[in-house]
Amino acid sequence: MGSRRLALARLHGLFAVYKPPGLKWKHLRDTVELQLLKGVNAGKPPAPEQRVRFLLGPMEGSEEKALTLTATSVPSLTNHPLVCGPAFTSLKVGVGHRLDAQSSGVLVLGVGHGRSLLTDMYNAHLTKDYTVRGLLGKATDDFCEDGRLVEKSTYDHVTREKLDRILALIQGSHQKALVMYSNLDLQTQEAYDMAVRGLIRPMNKSPMLITGIRCLHFAPPEFLLEVQCMHETQKQLRKLVHEIGLELKTTAVCSQVRRTRDGFFTLDDALLRTQWDIHSIQNAIQATAPRVAVELEKSLSWSWDSRGPSSASGLENGAGH
């Protein structure tokens, strides 16, 4: 299959795309799959096989216009795309930590052998960064700005200092929960070393854990937060804005959730919609492959040390999402 097989062989690994708001992750995945299939099938087709056929034609030197059969080499069209259709009709793309329709930002995808690496990312319990925009003074039924309005309130008493104090309390309580879910004894040297390296992770699935939260911008009624967390959903982040409003003796809704980092993939790695083509994706996979291997090994090493080799063998045996 020539260049087509070569193109397919380079489609093994992880890459990140930028999901715009309003687009469901399933539609994004289907669009990427379609673009990859188009790219693979657009490669130069192999030269058709030659077969011998006996063709009827005039006999040379005959004055009576006699006919004869002549052995002739002709191309075989049995494998031609117009006869049998596209060479490749299915290509599975796996999706990492998902984003709901209203959210935007970095979405990690895996293709080929990279689909198993998505499980390794999940097992590594990597943190993710979000910017979350809030709006003081009203509450809705789904914590979103465009939800059904259920309450309005004043916010003149809210200051940057009060907001920072609430955020510090939230971060402190979540850091205690992180230690609890990690099942580590902080009195040991091993736990201290892991804390210094920033490798404390929950051993299993846990509620949303916030490892860092701070205010980037405060201009009432609007404020912008940077949240570093794990095991979250975007709805939980919107609810967090609502709860912050209650702590400030007012109400608040979330107007934007944007993921700026997913593990070791950042906005700089994310391909824009105009770049969802086979060549851009191949280049992205090739550019990030060394970093993916190093970071996954580093992040999974704590699991190896804590629970034995079976937990870190996902690099070999993990199944894709």
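Translational D (Stokes-Einstein, µm²/s) of region 114-170 at 37 °C and 0.692 mPa s when Rh comes from the Kirkwood sum over C-alpha pairs?
Reported coefficient: 218 µm²/s.
Run the numbers for GLN286 and GLN189: contour at 0.36 nm per residue of separation, minus the present Cα-Cα distance, in nm.
Between GLN286 and GLN189, full extension yields an extra 31.1 nm.
Among the aspartates and glutamates, which have Cα under 14 Å from the Cα of LYS152 when same-chain residues fewer than 8 positions away are ignored?
ASP141
Run the simple label-point estimate for LYS239 and ASP141 please: 7 Å along Cα→C-beta, distance reported in nm.
That separation, rounded to one decimal, is 1.7 nm.
Would you list which lysines come within 17 Å of LYS162, measuring only between C-alpha atoms, while excluding same-chain residues fewer than 8 positions from it?
Partners found: LYS249.
Could you compute Rg(Cα) / (2.2 N^0.38 Å) for region 200-301, with N its residue count?
After normalising by residue count via 2.2 N^0.38 Å, the value is 1.37.
Students often forget the sequence filter, so: which lysines lie under 22 Å Cα-Cα from LYS24 once same-chain residues fewer than 8 apart are removed?
LYS38, LYS92, LYS128, LYS235, LYS239
Would you pull out the residues with amide H under 5 Å of GLY105's amide H, same chain only if 5 or more places away, H placed 1.01 Å from N?
For GLY105, whose amide H was placed from the backbone, the distant partners under 5 Å are LYS19, ARG259.
Pull out the extension gain between LYS205 and ALA66, defined as 0.36 nm times the separation in residues minus the alpha carbon to alpha carbon distance; nm, one decimal.
Length gained, LYS205 through ALA66: 41.5 nm.
Where a number appears in this text, it was derived from the coordinates with a stated rule and is not lab data. The structure displayed is predicted, hence computed values, not measured ones. Neighbour counts run over all protein chains shown; Cβ positions are idealised from the backbone, glycine included.
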